[in-house]
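First comes the structure, then the notes that go with it.
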Amino acid sequence: MAITITTVQTPRERKRFVYLAEAMNAHRPDWVPPLYTDDLRVIDARKNPAHEYCDSVLALAWEDGKPVGRIAGIINHRYNEYARTKTARFGFLETPDRLEVTRALIEFVEAWARRQGMIRVVGPMGFTEEDSEGFIIEGFQETPSLGCIQNEPYILDHMEKLGYEKEQDYVVYKVDIKGAMSDLYRKFYERASRSQAYRLVEFTKKSQLRPYIQPIFKLMNESFDQIYGYSPLDQRDVELMAKRYMPLLDPRFIKIAVTPADEVIAFIISIPNMAPGFIKARGRLLPFGLFHILRAAKTSKQLDNYLGAIHKDFRGKGADALIGWAQLRQAREAGFEFIDTHHEMENNLKVRGESERVGGVVYKRFRIYRKEFSG
């Protein structure tokens with residue numbers, strides 16, 4: 001039978017949209033589910049402030065009365081104005097290894113984007129740069145980190161057959177913690193520790209973090225202007241991100257550097273990999289999901305970098321070594337064996353150089369695709 005597409009309108013339909021991912025990946029024992037309540041919050045205009053500057057459409061593909069795929073179309077007007085572009089995004093794509101289903105979903109978003117006056121589509125991406133983005137193209141067998149898309153290889157072939165090409169690639173490094181803690185790196189850290197321009201701040205309680213939440217995001221807005229797909233976050237965006245991730249944060253793995261005036265000029269946020277806990281919790285916090293997730297964090301050997309930034313005026317002046325060594329030391333003391341650097345833009349050679357300086361090896365790659373409209 002023909003594939004039909006319907007748009008999602010009601011709370012019940014939004015729930016079907018979110019939980020369809022579970023049904024479509026049931027055959028994959030190592031698939032790590034998202035936190036479904038978080039996905040529901042992201043697509044709900046009442047709960048996600050990004051909807052104030054984004055237009056979006058959610059769609060389901062149907063065959064024989066059953067949902068067989070899903071997709072979201074998104075236009076981030078704030079980013080488009082910031083980057084002076086007319087670009088739509090597709091995201092939340094779930095589709096079987098059947099080109100006709102993928103085609104129906106992608107062409108639905110393309111047609112919607114054209115009607116909104118857009119001239120190109122990129123994806124997979126979310127509402128903001130902080131949402132999941134990029135299909136994995138290398139490293140399918142590796143343990144996923146928080147917020148990474150876990151597509152199967154066939155989708156790459158589908159995208160090419162539908163006329164999509166590379167827009168932006170990301171690399172992810174695997175850093176052996178013991179190997180990274182070289183004598184030379186330690187000397188860089190010791191020199192930075194003696195600086196009068198900044199000092200290291202570490203945490204043991206989440207309550208200690210609160211005065212620094214706003215300064216951290218302020219620095220992120222100032223530093224991420226060259227990051228693909230990024231547009232500055234406002235107050236409500238910051239509050240949502242803090243609410244989304246605060247329960248998963250371990251304050252020991254947040255390091256910041258501040259000036260004598262207590263201005264944040266560098267930070268790094270890492271999270272213990274909790275993939276086994278998410279699998280056992282089946283993407284649900286209740287009744288015992290949070291317990292499984294937090295227990296997995298305590299036994300994990302993999303620490304995932306999540307966010308980090310250095311003020312432009314302090315780059316190359318030792319602040320990176322200060323927080324980097326402190327993070328490695330904390331990770332080693334906690335029993336971690338390696339660090340996953342998370343997405344680093346393929347062409348961001350300075351950031352990549354930092355990962356390679358400590359012996360990091362690329363072990364995953366992700367890709368955002370694009371298609372330009374003709375005529």
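Bear in mind these aren't lab numbers, they're just calculated from the coordinates by the rules spelled out. Note that the coordinates shown come from a computational prediction; the quantities given were computed from them, not determined experimentally. Quick reminder, even Gly has a Cβ in these numbers, built from the backbone with ideal geometry, and neighbours come from all protein chains shown.
Quick notes on this one:
- Here the contact order of the chain, divided by its residue count and restricted to Cα pairs under 8 Å and six or more residues apart, works out to 22 percent.
- Each principal axis of region 68-111 carries a Cα extent, and these read 37, 16, 12 Å when sorted largest first.
- Total formal charge among the other residues, if their Cβ is under 14 angstrom from that of Thr341, Lys/Arg +1 and Asp/Glu -1: -3
- Sparse-neighbour loop sites [trypsin sites (Lys or Arg not before Pro); region 1-75; at most 11 other C-beta within 10 Å; DSSP]: Arg46
- Extension gain for Thr299 to Ala111 (0.36 nm times residue separation, less C-alpha to C-alpha distance): 63.0 nm.
- With N the number of residues in the chain, Rg(Cα) / (2.2 N^0.38 Å) evaluates to 1.00.
- Fully extended contour minus Cα-Cα distance, from Arg41 to Glu239, at 0.36 nm per residue: 70.0 nm
- Length released on extending from Ala83 to Ile119, taking residue separation times 0.36 nm less the Cα-Cα span: 11.6 nm
- Kirkwood hydrodynamic radius over Cα pairs of region 72-182, then Stokes diffusion coefficient at 25 °C and 0.890 mPa s, in µm²/s: 158
- Using alpha carbons only: equivalent-ellipsoid semi-axes of region 4-172, gyration tensor based, whole Å: 22, 19, 18
- Considering only Val351, Val42, Val101, the Gaussian network model of the chain with Cα springs below 10 Å gives its largest mean-square fluctuation to Val351.
- FRET efficiency, 1/(1 + (r/R0)^6) with R0 51 Å, evaluated for Asp176 and Asp55 via beta carbons: 0.70
- Modelled label positions at Glu138 and Arg98, each set 7 Å beyond Cα in the direction of Cβ, lie 3.3 nm from each other.
- log10 of Debye I(q)/I(0), alpha-carbon scatterers only, for region 174-364 at 0.09, 0.18 Å⁻¹: -0.33, -1.40
- Put simply, when 198-206, 322-330, 171-179 are sorted by average Cβ atoms within 10 angstrom per residue, most first, you get 322-330, 171-179, 198-206.
- Annotation for Arg315 and Ala2: the two label points, set 7 Å from Cα along the Cα-Cβ direction, are 5.3 nm apart.
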